[in-house]
Amino acid sequence: MRKYIPLKWQTKEKFVEIIISSVGFVSVIVLLLIAFFLFKEAFEVFYRAGFYHVILGTQWYPTSDPPKFGMLPLIAGTLTVTGLTAIIAIPLGLATAIYIAEIAHYKIREFLKPLIEMLASFPSVVLGFFGMVIIAPILSNWLSSLLAERLPELLRNTSLPFISTTLADFCYNKFFISSGLNMFTAALMLTVRAIPVISSIAEDALTAVPRTYREASYALGAGKWETIYKVVVPASVSGLSVAVILGIGTIIGETMIVLMVAGGAAVIPHWIFDPIRPMPSAIAAEMAEAAHGSLHYHALFGVGAILFLITLVLSLISDFISKKYRAIKIGEKV
Amino acid sequence: MIQGEGNKHAPFELVHKRKFNLKEGFFLSLIRTLGFTGAVILIIILLFVALNGVKALSWDFITKPPIESMTKGGILPVIVGTILLTIICMVVIIPIGVTTAIFLAEYSKPGFLLNSVNMSIYTLAGVPSVVFGLFGLSVFVITFNFGMSLLAGSFTLAVMILPYIISTSEEAIKAVPYSFREASLACGTTKWQTIWKVVLPTALPGILTGAILGTAKVAGETAPIMFTAAAFFTPGIPKSVFEPVMALPYHIYVLATAGTHIEQTRPIQYGTALTLIILVLGMNLIGIILRSKQRVKKAW
Amino acid sequence: MVEINQTKYIFEIKKFSVFYGDFMAVKEATINIESNKVTAMIGPSGCGKTTLLRALNRMNDLIVTCRPKGQALFHGIDINDKDTDVIELRRRVGMVFQKPNPFPSSIYENVAYGPKVRGIKKRSQLDDIVENALVRAAIWDEVKDKLNESGLSLSGGQMQRLCIARSLAQEPEVLLFDEPTSALDPISTAKIEELIVSLKKLITIVIVTHNMQQAARISDYTAFMYLGEMIEFGDTDKIFVRPKNKLTEDYITGRFG
């Protein structure tokens, strides 16, 4: 224990610590590099075609002469399909989480949780494939003929004043599905992608609610549903909103499903059975034919940069919420 | 029940007169039904792919290369491509991911730097896979001049899976009891010796489980390799890491959408999808089983 | 290699304090620890006895907010000096914890852990060290046929003796015991106590306990701490029979605690 400086082990420890700490920053560097390269490649299109023309332009004709890079149809495609998916997927995802965390019997839970987890890692290209070969034909052949032909016929035969004409026309106009590859099919398949994401995060949030809350509620004579609805869900609302936000982030970024089943038309959709071309599918479909360094190539990076910014904002929001949420949890323990 | 004035309920009413609560019954059964949606969908899709794919699956299918412009023959180079992509990706990323996890769990001090690391891991996890594809194209394919290649694709996948590997490893390292570290340090070992000899061996099963689950994710990804590695067709198994490869997910996509014989190649599409699912879900299952075993085994 | 201080005290603690942030967990304690004796520290929970014990081999370094102040000498060298080799200090001042904490590896690997890390590779040499340590920890007969079994397969008392053997394999001069029997049954406790008494021929022992009978049974000197202060320190016989301080008397007679 004599004093001798620096000790051999101390030098070695310092060396190890420096190496590990520098590797620890790789993720920061990677994120910065992603942002840098995306914006570097995207800059050209915004610079040459004008920022507002690109963002708000309604015509996406990258290969016509002269090419037009109005991204609004792509952005609108992403927003509409995300909205439609969210309407279906959020209730399903949250219900799955509530079922697993609060209601299911122990044995069912042990069986259901791995299944949901497997669904989460299910290759999206297979989901897209399934949508193409099964869902799309069902929609265009079966559902379309049911809702746009049989139903109007039935309604017309009723000879009721309003129903026989207006509603029949409405059904005929709105439910005629010319192609099964459209926003609705994409939303159905995206739902499959989003359910496991939403439910696994939401389930964590629900199980983090202290058992004492539930006991207190039951002790006051509340039933199971009242306890879930009035105690457990409010107590975990920030975690549930993180689940919803990250679920939406997954939907926005999902590529293969929209590439294969959304129809691919770069026009602003008017109805849920319209074909669309959301941002990820535009990148995936067109990058192969865009020559490196062409304006089209830069435009696709521009789409990627917007996509990156949207998911970045969603991550920041959910991180902010979950930090606050964690603070509350620590507060409860003390 | 309190006995006394104003209490008109006899105790036995508690048992006999429990009213059926309509609202409660409705919502609970609604949630019970909806809660199974995900599982039911999974099973339907699995059955669909399995029933259609099993006809195509044979020994020749997985050991022979495709022939006659991919309308016949097997998918050997496709399988090999996916395996090579995932192996190189994991070999590259596991050391980086685990080291980052060691940094976060053992060396980091609270403050701005730690926050920025955590923040970027969190953000990276939310970046769409197609954006990683763009990044790989711009950096590995063009800037590093790897071209569309096995190497560029593996690196792109590695960047994509980094946050997942970090967080599963960090969890495994943090699950090692504090008392193990104390015991080791009290033996007169340095911090690094403690990490290397005690913490990492104890965390290893957890780290490996995360790596297996991460491999499953990587194997099923299409978008990151579309413009960095995947080829429509290669005559055989790649001879160097600078050659493009075929990959299972991309093969399904190509045959189902861009091929000239979409209907004719349906059996091959189903067979490829089934192979991919067996690979991905098989690894997933192994990971899940390993993890639940570890949970049982943890006696400390 | 070491300038052995000529006094009979192995540790000389003088006006020594430990802070957790702003909280003063040990308040200017003064205590001298004699070699080859058992020194017990007693007191109600939260009195700072464990903190003081952990300061002796700087295990408190692991707690970020923890900061020592004052004089704590080991063989005349300041423990907390930044030039002090903390690794060598911990090798020479071993520690046994409240809950038995063997590593999830074999019994052999547990005991051989320290020597191996220190660079001893020869199997025969390691075998000797392991056997020696297990014999001294009075557990050799129970485990000699299953050295390759997991350390976690042992009973609580055996695990604790395995942990003692793990420390002994380092040839320490001092062993610090932090309530080593609080998680054990009476029979295992008796074995550990017996072991501690037998060990003092070889090494110096400092033990923290909240069990006063235990302190009375096995220690030569006893220190009573209360709210971070060293209330009384002296021969165990005197402290238990004729305590000078009213607080000590109240504690020993069970009026609080």
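When the residues of segment B:247-275 are filtered to those that are of a type in the set (Gly, Ala, Ser) and free of Cβ contacts under 8 Å to residues at least 60 places away in the same chain, which remaining residue is farthest from the other protein chains (Cβ to nearest Cβ)?
Among residues in segment B:247-275 that are of a type in the set (Gly, Ala, Ser) and free of Cβ contacts under 8 Å to residues at least 60 places away in the same chain, the one farthest from the other protein chains (Cβ to nearest Cβ) is B:258.
Checking the structure you have, find out if any residue of segment A:232-245 is closer than 21 Å to residue A:46 by Cβ and either surrounded by 18 or more Cβ atoms within 10 Å (Cβ to Cβ) or acidic (Asp, Glu) (or both).
no
Could you tell me whether residue A:290 is farther than 22 Å from residue B:253 by Cα, aliphatic (A, V, I, L, M) and either part of a helix (DSSP H, G or I) or more than 9 Å from every other protein chain (Cβ to nearest Cβ) (or both)?
no
Considering each residue of segment B:207-248, count those that are assigned to a helix (DSSP H, G or I) and aliphatic (A, V, I, L, M), and give that number.
Summing the residues that are assigned to a helix (DSSP H, G or I) and aliphatic (A, V, I, L, M) in segment B:207-248 gives 12.
Would you pick out the residues in segment B:21-58 that are more than 7 Å from every other protein chain (Cβ to nearest Cβ) and surrounded by 17 or more Cβ atoms within 10 Å (Cβ to Cβ)?
B:36, B:46, B:52, B:53, B:56, B:57
Checking residue A:96 against (1) touching a Leu at 6+ places or on another chain (Cβ under 8 Å); (2) more than 8 Å from every other protein chain (Cβ to nearest Cβ); (3) surrounded by 20 or more Cβ atoms within 10 Å (Cβ to Cβ); (4) of a type in the set (Ser, Thr, Tyr), which single condition isn't satisfied?
(2)
Of all residues being touching a residue at least 40 places away in the same chain (Cβ under 8 Å) and among the hydrophobic types (A, V, I, L, M, F, W, C) in segment C:78-116, which is surrounded by the most Cβ atoms within 10 Å (Cβ to Cβ)? Just the residue, please.
This residue is C:111.
In segment C:221-248, what residues are crowded, with 16+ Cβ neighbours inside 10 Å and charged (D, E, K, R)?
C:229, C:232
Exactly one of these conditions fails for residue C:89: (1) in contact with a helix residue (DSSP H, G or I) (Cβ under 7 Å, 6 or more places away or on another chain); (2) of a type in the set (A, V, I, L, M, F, W, C); (3) within 14 Å of chain B (Cβ to nearest Cβ). Give me its number.
Among (1) in contact with a helix residue (DSSP H, G or I) (Cβ under 7 Å, 6 or more places away or on another chain); (2) of a type in the set (A, V, I, L, M, F, W, C); (3) within 14 Å of chain B (Cβ to nearest Cβ), residue C:89 violates only (1).
Given the conditions (1) hydroxyl-bearing (Ser, Thr, Tyr); (2) part of a loop (DSSP other than H, G, I, E, B); (3) crowded, with 20+ Cβ neighbours inside 10 Å, report the number of the one that residue B:260 does not fulfil.
Among (1) hydroxyl-bearing (Ser, Thr, Tyr); (2) part of a loop (DSSP other than H, G, I, E, B); (3) crowded, with 20+ Cβ neighbours inside 10 Å, residue B:260 violates only (3).
Tell me, yes or no, whether segment B:171-178 has at least one residue that is more than 14 Å from chain C (Cβ to nearest Cβ) and hydrophobic (A, V, I, L, M, F, W, C).
Yes, there is a match, as at least one residue in segment B:171-178 is more than 14 Å from chain C (Cβ to nearest Cβ) and hydrophobic (A, V, I, L, M, F, W, C).
If I filter segment B:185-201 down to residues being facing chain C (nearest Cβ under 7 Å) and in a helix (DSSP H, G or I), which single residue comes out as nearest to residue C:54 (Cα to Cα)?
B:186
Under 21 Å from the mean Cα position of the chain (by Cα), of a type in the set (Val, Ile, Thr) and surrounded by fewer than 20 Cβ atoms within 10 Å (Cβ to Cβ): does that describe residue A:88?
Against the criterion (under 21 Å from the mean Cα position of the chain (by Cα), of a type in the set (Val, Ile, Thr) and surrounded by fewer than 20 Cβ atoms within 10 Å (Cβ to Cβ)), residue A:88 qualifies.
Can you tell me which residue is farthest from the other protein chains (Cβ to nearest Cβ) among those in segment B:109-156 that are outside any helix (DSSP H, G or I) and among the polar types (S, T, N, Q)?
B:149
In this structure, is residue A:136 in contact with a Leu (Cβ under 9 Å, 6 or more places away or on another chain), within 14 Å of chain B (Cβ to nearest Cβ) and either within 16 Å of residue B:41 (Cβ to Cβ) or among the small types (Gly, Ala, Ser) (or both)?
yes
Could you tell me which numbered condition residue A:127 fails, if it satisfies all but one of (1) within 21 Å of the chain's Cα centre (by Cα); (2) facing chain B (nearest Cβ under 8 Å); (3) over 18 Å from residue B:274 (Cβ atoms)?
(3)
Scanning for something within 26 Å of residue A:93 (Cβ to Cβ), surrounded by fewer than 19 Cβ atoms within 10 Å (Cβ to Cβ) and either more than 13 Å from chain A (Cβ to nearest Cβ) or in contact with a helix residue (DSSP H, G or I) (Cβ under 9 Å, 6 or more places away or on another chain) (or both), does segment B:87-95 turn up at least one residue?
Among the residues of segment B:87-95, not one is within 26 Å of residue A:93 (Cβ to Cβ), surrounded by fewer than 19 Cβ atoms within 10 Å (Cβ to Cβ) and either more than 13 Å from chain A (Cβ to nearest Cβ) or in contact with a helix residue (DSSP H, G or I) (Cβ under 9 Å, 6 or more places away or on another chain) (or both), which makes the answer no.
Kindly indicate whether any position in segment C:171-178 is more than 13 Å from the chain's Cα centre (by Cα) and within 15 Å of residue C:43 (Cα to Cα).
Looking for residues that are more than 13 Å from the chain's Cα centre (by Cα) and within 15 Å of residue C:43 (Cα to Cα), one finds none in segment C:171-178, hence no.
Scan A:258, A:313 and give me the residue that is part of a helix (DSSP H, G or I), within 12 Å of another protein chain (Cβ to nearest Cβ), surrounded by fewer than 20 Cβ atoms within 10 Å (Cβ to Cβ) and not hydroxyl-bearing (Ser, Thr, Tyr).
A:313
Just to check your reading of the model, which residue among C:124, C:167 is over 18 Å from residue B:202 (Cβ atoms), of a type in the set (Ser, Thr, Tyr) and either in a strand (DSSP E or B) or more than 14 Å from chain B (Cβ to nearest Cβ) (or both)?
Only one candidate qualifies: C:124.
Return yes or no: is residue B:105 surrounded by fewer than 20 Cβ atoms within 10 Å (Cβ to Cβ), within 12 Å of chain A (Cβ to nearest Cβ) and touching a Lys or Arg at 6+ places or on another chain (Cβ under 7 Å)?
So residue B:105 fits the description; yes.
Can you find, within segment A:164-200, the residue that is modelled with the lowest pLDDT among those that are over 30 Å from residue A:94 (Cα atoms) and touching a Lys or Arg at 6+ places or on another chain (Cβ under 9 Å)?
Among residues in segment A:164-200 that are over 30 Å from residue A:94 (Cα atoms) and touching a Lys or Arg at 6+ places or on another chain (Cβ under 9 Å), the one modelled with the lowest pLDDT is A:164.
Sort out which residues of segment A:10-58 are of a type in the set (S, T, N, Q) and either within 29 Å of residue B:115 (Cβ to Cβ) or surrounded by 15 or more Cβ atoms within 10 Å (Cβ to Cβ) (or both), and write them in order of number.
A:10, A:21, A:22, A:27 - these are the residues of segment A:10-58 that are of a type in the set (S, T, N, Q) and either within 29 Å of residue B:115 (Cβ to Cβ) or surrounded by 15 or more Cβ atoms within 10 Å (Cβ to Cβ) (or both).
Taking segment B:108-121, which residues are at negative phi and surrounded by fewer than 19 Cβ atoms within 10 Å (Cβ to Cβ)?
Of everything in segment B:108-121, those that are at negative phi and surrounded by fewer than 19 Cβ atoms within 10 Å (Cβ to Cβ) turn out to be B:108, B:109, B:110, B:112, B:113, B:114, B:115, B:116, B:119.
Conditions tested, residue by residue: (1) at pLDDT below 95; (2) over 12 Å from residue A:81 (Cα atoms); (3) in contact with an Asp or Glu (Cβ under 7 Å, 6 or more places away or on another chain); (4) of a type in the set (A, V, I, L, M).
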position	(1), (2), (3), (4)
A:246	yes, yes, no, yes
A:264	yes, yes, no, no
A:272	yes, no, no, yes
A:285	yes, yes, no, yes
A:293	yes, yes, no, no
A:302	yes, yes, no, no
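Provide a single number: the residues in segment A:225-255 that are among the hydrophobic types (A, V, I, L, M, F, W, C), within 14 Å of the chain's Cα centre (by Cα) and away from chain B (no Cβ under 12 Å).
Qualifying residue count, segment A:225-255: 2.
Before we move on, is residue A:183 more than 11 Å from every other protein chain (Cβ to nearest Cβ) and buried (at least 24 other Cβ atoms within 10 Å of the Cβ)?
For residue A:183, the condition - more than 11 Å from every other protein chain (Cβ to nearest Cβ) and buried (at least 24 other Cβ atoms within 10 Å of the Cβ) - is met.
The values are calculated or read from the model by the stated rules, or taken from the named source; none is laboratory data. Every value quoted in this text rests on a predicted model; they were computed, and no experiment measured them. Virtual Cβ from ideal backbone geometry, glycine too; neighbours counted across all protein chains shown.
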